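Engineer: Supplied in structure tokens, the structure appears directly below.
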Amino acid sequence: MRQRLASLSEFRALQQACMAAREAEKRKILVCCGTGCVAGGNLNVYQALKDRMDALGVACEVALNDNHGGDAIGLKKSGCHGFCEKGPLVRIEPEGWLYTKVSVDDVDEIIQKTILGGEFIDRLGYQGKDGVCKRQEDIPFYKLQTRRVLEHCGHIDAESVEEYLSIGGYEALTKALFELSGDEVIKEVSDSGLRGRGGAGFPTGKKWAQVAAHTEEPVKYIVCNGDEGDPGAFMDRSCMEGDPHKVIEGMIIAGVATGSTEGVIYVRAEYPMAVKRLKIAMEQAAELGILGDDILGSGKSFHLRISKGAGAFVCGEGSAMTASIEGHRGMPRTKPPRSVDKGLFEKPTCLNNVETFANVPDIIKKGAEWFRSVGTEGSSGTKAFALTGNVNNTGLIEVPMGTTMREVVFDIGGGIKNDKEFKAVQIGGPSGGCLTKDHLDLPLDFDSLKSVGAIIGSGGLVVMDESSCMVNIAQFFMNFICEESCGKCTPCREGTTRMNDILTRITQGNGRMDDIGQLKKLARMIQKSSLCGLGKTAPNPVLSTLQNFEDEYVEHIRDKRCRCGVCKDLAQFVITDKCIGCTKCARNCPVGAITGTVRQKHTIDTSKCIKCGACKANCPVGAIKEG
Amino acid sequence: MQQLDMKVIDEILERHNYDKSMIIAIMQDVQEVYRYLPQEALEHIAAKIGMSESDLFGVATFYGNFSLDAKGKYVLKVCRGTACHVRKSADVLQALQEATGLSEKKSISDDGLFTIEIVSCLGACGLSPVVMVNDTVHATMTPEKAKDLVADLREEA
């Protein structure tokens, strides 16, 4: 049990002690315990490190206040380091070395050579183009990033409030409590130009001011949207898992500034580790008197609870989320009234996304000017993206707003997997769009993306290579929306079903030429007449693929052909020039569709072919292609 | 139908102060115990917190995580999110269905061991394609690894 801090001076004393303890901890091993590396077995690596060090009699500190003295080695479970592709990851301090693809078998060597000998193990280092990169900061994946929200993610123990205090955590809160008025806090946030990181990009300061203006209401709410439902996005998860106190601090500051004393974090049920880490963080903050009544003796209060989602994408929409927290079906309602006026339990509610709240402490601590020092005029600061798909370096990244797609995909992401050709990037999830080669130099910020029919969304970037069929991708998203549509309004419920029917028909080879016109018509109708943002943006993936890849739609409809070989019903097997004429395919074809003479190239009669794939499976030289 | 111990449910209700607004959390806790929401449990909850059965049913069926059908010992959640999709999660799903004898219509395997659920995104996109078994994430799956996984789980059970 921690001692409750009753005043600012008691807070300062603990802060100093934590900072000193961190200073004293010279040698540190940070074992990444984000979802990715845990799946890769890093908890076993952590346990093995601990067991072996104990067995060898090497003093190790698991918690900051273990107090083994200056020589002890800090062993920490940290949040996500971001470079999931190369996980499980282990970071060694003070050198800042990063070990990749670590397994339990490497533990002895790490202890003997690195911990006791101070030597770098080349085998575990990142293999760059010009040899091994020892330091994490030298790896191109990290070097080109600007990590602000994720600054400490992976560098501190996510389950320890002392570690958060040791890097200056809750300092911004004390400023908001004791130095600034609520209006001054809101002004700072407004001046920073911070816009909502959940997708729509609404100015955060403006939202806060609207909630603060309801001075007549004794109960107001701060709600944190951690319902990161876009397929292909995991920034918020990593933030909640890796630096949960930062999110909580942002929420308390919002509460203090707007005069709201109640807070709810809505987290998806699919994120059990985020829920666990947030709970631990909330308990610790409550013990210290940072959460609850009379925070640090300031007379101000803030109560926080977690509400676990139950698997409904639409709950990422504000009014659906508040309905869900109240225990109803999570369906959006008509606006106005907006949630800042009548939100959760009919009270004024300030609803922001995880990353938005995580940006707040630094803005208050370092000022609006500092925040604006990166990013663009209209979109200041940084943005975290989840970089996934057919790209070499998948993982979690953070870059200044306005960074180009090319820098993200090719410089940070290391280009396309298996040297294939870049085709498109899907950005913004089911509400977003597909960007092509022509957009590679487009700056990633709210306004530039909007101008080409995409949105930044929550920040999922799914990279696709030449083997991804764009009609299939469009159908994939439409199918997703169909299933996730709450069914309240007809345009979204019926319209997306109709669009999905048409797209499915096209991918099965039954498309008609007027289908493209039908799709566009339905899309416009859904955009104009749906009730909530989910419906209004649902046609985006179809429209943007139609805009950039209409020829692929035409091929599917007219030629009954899928050039990528993804749409199975359209698959055509072709024998390429690699064929050595061994006759094996012809002998294995169950319908006798393959003909040819020995040692000569064979051919497939596509009208007879039943697409069973027996020829491809049996070809000894890989001469048969699907597509 | 298994006989339900209403005491367990009453304890859960007690913990949430019979608060209607906590109905989702209550059902999550009940599902944690039974791995699905038995009909009798829902009827009992509705009566105890003064909510109509139809309203409760409405909430229970709205959310994808709630199941009104019994589930296998191992719930294999196959991620069909975008990142997994482009890394061929459809093939992984097919392999799992073949290995367990399940289909889209058949929700629990004959031996009572397996249930396959399709989820839209587990947020482990960096490791795609992924399958989550109960709370453990299995990364970079292939059809072969999927078959091995089912075999391993069978042995474990």
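The numbers here are math on the coordinates, done by the rules we state, and not lab data. Only a predicted model underlies this, so the values are computations on that prediction, with no experimental measurement involved. Methodologically, a virtual Cβ is constructed for each residue, glycine included, from the backbone with ideal geometry; neighbour enumeration extends over all protein chains shown.
Engineer: Report the label-to-label distance for A:A17 and A:E287 in nanometres (one decimal), using points 7 Å from each Cα along the Cα→Cβ vector.
Structural biologist: Each label point lies 7 Å from its Cα, and together they span 1.2 nm.
Engineer: Something else now. Determine the calculated [θ] at 222 nm for chain B from helices alone, applying -39500 (n - 2.57) to every DSSP H run no shorter than 4 residues and normalising by the residue count; nearest 500 deg cm²/dmol. If you can, show how the numbers build up before the last one.
Structural biologist: Details: 7 runs with 74 residues, N = 157.
Taking each H run of at least 4 residues, the total per residue is -14000 deg cm²/dmol.
Engineer: Now, a different point. Give me the base-10 log of I(q)/I(0) for the protein assembly as shown at each q in 0.10 Å⁻¹, Debye formula, one uniform scatterer per Cα, rounded to two decimals.
Structural biologist: -1.11
Engineer: Now a separate question. What is the antiparallel percent of DSSP beta bridges lying wholly in region A:382-465, to the nearest 5? Can you show the working numbers first?
Structural biologist: Numbers: 17 of 21 bridges.
The answer is about 80 percent antiparallel.
Engineer: Mind listing the long-range amide H neighbours of A:G128? Cut-off is under 5 Å, sequence gap 5 or more, other chains count too, H placed in the peptide plane at 1.01 Å from N.
Structural biologist: Distant-sequence amide H within range of A:G128: A:C133.
Engineer: Take the Cα of A:D419, step 7 Å along the line toward its Cβ, and report every residue of region A:599-627 whose backbone nitrogen sits under 19 Å from that point.
Structural biologist: A:622-623
Engineer: Could you work out how far the C-alpha centroid of region A:231-260 sits from that of region A:548-627, in angstrom?
Structural biologist: 52
Engineer: Then there's this: For region A:352-442, state which GluC sites (Glu not before Pro) are in a DSSP loop and have at most 15 other beta carbons lying within 10 Å of their beta carbon. Write down the numbers at each step before the final one.
Structural biologist: Working: sites: A:E355, A:E369, A:E377, A:E398, A:E407, A:E421; in loops: A:E377, A:E421.
Qualifying residues, ordered by number: A:E377, A:E421.
Engineer: Something else now. Using a simple charge model, +1 on the beta-carbon of Lys and Arg, -1 on the beta-carbon of Asp and Glu, nothing else, what dipole does region A:169-372 show about its Cα centre, in debye to the nearest 20?
Structural biologist: Working: 25 positive and 28 negative charges, 102 e Å.
The dipole of region A:169-372 has a size of about 500 debye.
Engineer: Related question: Cα axis of helix A:470-484 to longest principal axis of chain A: angle in degrees, 0 to 90, nearest 10?
Structural biologist: Once rounded, one gets 50 degrees.
Engineer: Moving on to the next point. Would chain B count as rounded, prolate or oblate if I go by the C-alpha gyration tensor, calling it rounded below 1.5 in a/c and otherwise prolate when a/b exceeds b/c, oblate otherwise? Walk me through the numbers before you get to the answer.
Structural biologist: Numbers: a/c = 2.57, a/b = 1.92, b/c = 1.34.
In terms of gyration-tensor shape, prolate.
Engineer: Something else now. Give the angle, between 0 and 90 degrees and rounded to the nearest 10, that separates the Cα long axis of helix A:354-366 from the longest principal axis of the Cα atoms of chain A.
Structural biologist: With both axes taken from Cα atoms, the answer is about 40 degrees.
Engineer: Please give me the summed charge of the neighbours of B:A46: other residues whose Cβ is under 13 Å from its Cβ, Lys and Arg +1, Asp and Glu -1. Each step should come with its number before you reach the end.
Structural biologist: Numbers: positive: B:K20, B:K48; negative: B:E40, B:E43, B:E53, B:D55.
Local net charge: -2.
Engineer: What does the structure give for B:73-85 when I average, per residue, the other chain Cβ atoms found within 10 Å of the residue Cβ? Mind showing how you got there, number by number?
Structural biologist: Working: counts 0, 0, 0, 0, 1, 0, 2, 4, 12, 18, 16, 5, 12.
Partner Cβ neighbours, averaged per residue: 5.
Engineer: Go through B:98-104, A:424-430, A:186-192, A:328-334 and give me the packing order, highest mean Cβ count within 10 Å leading. Don't jump to the answer; show the numbers that get you there.
Structural biologist: Working: B:98-104: 15.7, A:424-430: 27.6, A:186-192: 21.4, A:328-334: 19.4.
Packing order, densest peptide first, comes out as A:424-430, A:186-192, A:328-334, B:98-104.
Engineer: Based on the Cβ-Cβ distance from A:L144 to A:L116, what FRET efficiency comes out when R0 is 30 Å, to the nearest 0.05?
Structural biologist: Details: r = 34 Å, r/R0 = 1.13.
Step by step, r from the Cβ atoms, then E = 0.30.
Engineer: Right, here's the next one. Measure out, as a whole number of angstrom, how far apart the alpha-carbon centroids of region A:526-542 and region B:107-157 sit.
Structural biologist: After rounding, the separation between the Cα centres reads 33 Å.
Engineer: Now, a different point. Just tell me which aspartates and glutamates come within less than 13 Å, Cα to Cα, of B:K48; anything on the same chain fewer than 8 places away is out.
Structural biologist: B:D10, B:E11, B:E14, B:D19, B:E40
Engineer: Roughly how crowded by other chains is peptide A:249-261, in terms of the mean Cβ count from those chains within 10 Å of each of its Cβ atoms?
Structural biologist: Whole-number average of other-chain Cβ neighbours for A:249-261 is 0.
Engineer: How much mean residue ellipticity at 222 nm does chain A get from its helices, if each DSSP H run of length 4 or more adds -39500 (n - 2.57) and you divide by all residues, to the nearest 500 deg cm²/dmol?
Structural biologist: Details: 22 runs with 218 residues, N = 627.
One gets -10000 deg cm²/dmol as the mean residue ellipticity at 222 nm.
Engineer: Using +1 at the C-beta of Lys and Arg and -1 at the C-beta of Asp and Glu, which of A:H602, A:G226, A:F202 has the Cα lying farthest in the positive direction of the dipole of the protein assembly as shown?
Structural biologist: Farthest along the dipole direction, towards plus: A:H602.
Engineer: Which entries of A:K207/A:K450; A:K335/A:K528; A:K347/A:K528; A:K578/A:K625; A:K77/A:K134 show an alpha-carbon separation above 19 angstrom in the structure shown? If you can, show how the numbers build up before the last one.
Structural biologist: Values: A:K207/A:K450 21 Å; A:K335/A:K528 15 Å; A:K347/A:K528 29 Å; A:K578/A:K625 10 Å; A:K77/A:K134 21 Å.
Where the Cα-Cα span goes over 19 Å, the pairs concerned are A:K207/A:K450; A:K347/A:K528; A:K77/A:K134.
Engineer: If one takes the longest principal axis of the Cα atoms in chain A, at what angle in degrees, from 0 to 90 and to the nearest 10, does the Cα axis of helix A:496-507 lie?
Structural biologist: 40
Engineer: Given a Förster distance of 45 Å, report the FRET efficiency between B:K73 and A:T490 from their Cβ-Cβ distance, rounded to the nearest 0.05.
Structural biologist: Working: r = 41 Å, r/R0 = 0.92.
With a Förster radius of 45 Å, E is 0.60.
Engineer: Which value, in debye to the nearest 20, describes the size of the charge dipole of region A:382-465 about its Cα centre when Lys and Arg Cβ atoms bear +1, Asp and Glu Cβ atoms bear -1, and nothing else is charged? If you can, show how the numbers build up before the last one.
Structural biologist: Details: 7 positive and 10 negative charges, 41 e Å.
I would put it at about 200 debye.
Engineer: Among A:G299, A:A310, A:A59, which residue has its Cα positioned farthest towards the positive end of the charge dipole of chain A, with +1 placed on the Cβ of Lys and Arg, -1 on the Cβ of Asp and Glu, and the dipole taken about the Cα centre?
Structural biologist: It is A:A310, whose Cα lies furthest towards the positive end.
Engineer: On a 28 Å Cα-Cα criterion, which of the cross-link pairs A:K86/A:K113; A:K584/B:K105; A:K536/B:K106; A:K50/A:K308; A:K383/A:K568; A:K308/B:K147 come out too long?
Structural biologist: On the way: A:K86/A:K113 21 Å; A:K584/B:K105 38 Å; A:K536/B:K106 35 Å; A:K50/A:K308 33 Å; A:K383/A:K568 38 Å; A:K308/B:K147 32 Å.
The pairs that break the limit, which is 28 Å between Cα atoms, are A:K584/B:K105; A:K536/B:K106; A:K50/A:K308; A:K383/A:K568; A:K308/B:K147.
Engineer: Roughly what % antiparallel, to the nearest 5, for the DSSP beta bridges in the protein assembly as shown? Walk me through the numbers before you get to the answer.
Structural biologist: Numbers: 43 of 77 bridges.
Counting DSSP beta bridges with both partners in the protein assembly as shown, the antiparallel share is about 55 percent.
Engineer: Which residues does the label zone of A:E217 cover in region A:318-341, counting backbone N under 12 Å from a point 7 Å along Cα→Cβ?
Structural biologist: A:337-341
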